[in-house]
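Reviewing the structure listed below.
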Amino acid sequence: MTKRIIPARANPPIFDDYDTETDESYDPDFENIIRQMLTRIGEQPDREGLQRTPLRVAKAMDFLTSGYNMTVQDVVRNAVFEEKCEEMVIVKDIEFYSMCEHHILPFFGKAHVAYLPNNKVIGLSKVARIVDVFARRLQVQERLTNQIADAMMEILNPHGVAVIIKASHFCMMMRGVQKQNSSTVTSAMRGSFRENARSRGELMDLIKD
Ligand code: ZN
């Protein structure tokens, strides 16, 4: 069996935080809530360094939760191709950043997405974009893992899909148990990856560092 292992590309940054317009308004209601939050934690929202913070936070939050406005169909479009191919395809080390829904704190790490094509393949960069559709929402790692696997099943109808995510959670690192070096691994197996120990074994061999 031949295998293709392709490292994923990082995402380009979208917003420039240090734009200079001073009277810009983005989302006044949202900015007001952030101003109130600053006051609540003991800050002075009008001091120089914080004047544009509500604006920046509002923009950043919209970007970090932009997955709510995206569908898998939107990002995949017509990048699914008929191809006589049934060999395992793995997109390794897809960097992602998400936020836990319990604390609205970041969790981040790497996702490995593998599938066994059923004569249909997907443009490789699209796999990383599917990860972002679900990562850029409030999440729990387990659900994120399952949503990526289910989306791949739906789009490609493959023989199997495996998603493995290893992530670090700020809510464990900065607060709570304050364990900086722990990481959480979740997996979702569908089709032959679930049913067939050999497929799983091959996958594990291919993704280990
Ligand atoms: Zn949390």
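The values are calculated or read from the model by the stated rules, or taken from the named source; none is laboratory data. Not measured: the values here are computed from a predicted model. For neighbour counting, all protein chains shown are included, and Cβ atoms are generated from backbone atoms with ideal geometry for every residue, glycine included. Keep in mind that these areas ignore ligands, DNA and RNA; they rest on the heavy atoms of the full protein, side chains included. Shrake-Rupley method; radii C 1.70, N 1.55, O 1.52, S 1.80 Å.
Checked against (1) away from the ligand (no atom under 16 Å from the Cβ); (2) in contact (Cβ under 8 Å) with a residue 60 or more places away in the chain, A197 passes all but condition (2).
Remark: pairs (first residue in segment 71-99, in the same structural domain as V113 (by TED's automatic domain parsing) and assigned to a strand (DSSP E or B); second residue among the polar types (S, T, N, Q) and open to solvent by less than 10 Å² (accessible area, probe 1.4 Å); Cβ separation under 6 Å; 6+ apart in sequence or on different chains) = S98/Q139.
Residue by residue, here is whether (1) assigned by TED's automatic domain parsing to the domain that holds E86; (2) modelled with pLDDT of 95 or more; (3) not β-branched (V, I, T) holds:
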site: L116; (1), (2), (3): yes, yes, yes
site: V131; (1), (2), (3): yes, yes, no
site: A135; (1), (2), (3): yes, yes, yes
site: I164; (1), (2), (3): yes, yes, no
site: L203; (1), (2), (3): yes, no, yes
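Among the residues making up segment 63-78, those that are closer than 24 Å to L116 by Cβ and open to solvent by less than 10 Å² (accessible area, probe 1.4 Å) are V75, V76. Just to verify a result, which residue in segment 152-189, among those that are open to solvent by less than 10 Å² (accessible area, probe 1.4 Å) and among the aliphatic types (A, V, I, L, M), is farthest from the ligand (Cβ to nearest atom)? That would be L156. Would it be correct to say that N32 is modelled with pLDDT of 95 or more, in contact with an Asp or Glu (Cβ under 8 Å, 6 or more places away or on another chain) and loosely packed, with under 15 Cβ neighbours inside 10 Å? In short, no. For segment 139-151, filtered to residues that are of a type in the set (A, V, I, L, M) and within 16 Å of the ligand (Cβ to nearest atom), the residue that is nearest to E101 (Cα to Cα) is V140.
Of V161, V133, which residue is in contact (Cβ under 8 Å) with a residue 40 or more places away in the chain, in a strand (DSSP E or B) and in contact with a helix residue (DSSP H, G or I) (Cβ under 7 Å, 6 or more places away or on another chain)?
Result: V161 is the single residue among V161, V133 that is in contact (Cβ under 8 Å) with a residue 40 or more places away in the chain, in a strand (DSSP E or B) and in contact with a helix residue (DSSP H, G or I) (Cβ under 7 Å, 6 or more places away or on another chain).
Per the listing V91, V113, V131, the residue uniquely touching a strand residue (DSSP E or B) at 6+ places or on another chain (Cβ under 8 Å), closer than 25 Å to Q180 by Cβ and more than 16 Å from the ligand (Cβ to nearest atom) is V131.
Can you tell me which residues in segment 80-102 are out of contact with any Leu (no Cβ under 7 Å at 6 or more places or on another chain) and either modelled with pLDDT under 95 or exposed (fewer than 14 other Cβ atoms within 10 Å of the Cβ) (or both)? Spell out the reasoning first.
Here is the first cut: in segment 80-102, the ones out of contact with any Leu (no Cβ under 7 Å at 6 or more places or on another chain) are 81-85, 87, 89, 92-97, 100, 102.
Hits for segment 80-102 are F81, E82, E83, K84, C85, E87, H102.
Of all the criteria given as (1) in a helix (DSSP H, G or I); (2) in contact (Cβ under 8 Å) with a residue 60 or more places away in the chain; (3) crowded, with 23+ Cβ neighbours inside 10 Å, the one not satisfied by I148 is (2). Exactly one residue out of K126, K110 is touching a helix residue (DSSP H, G or I) at 6+ places or on another chain (Cβ under 7 Å), under 21 Å from F63 (Cβ atoms) and open to solvent by 30 Å² or more (accessible area, probe 1.4 Å): that is K126.
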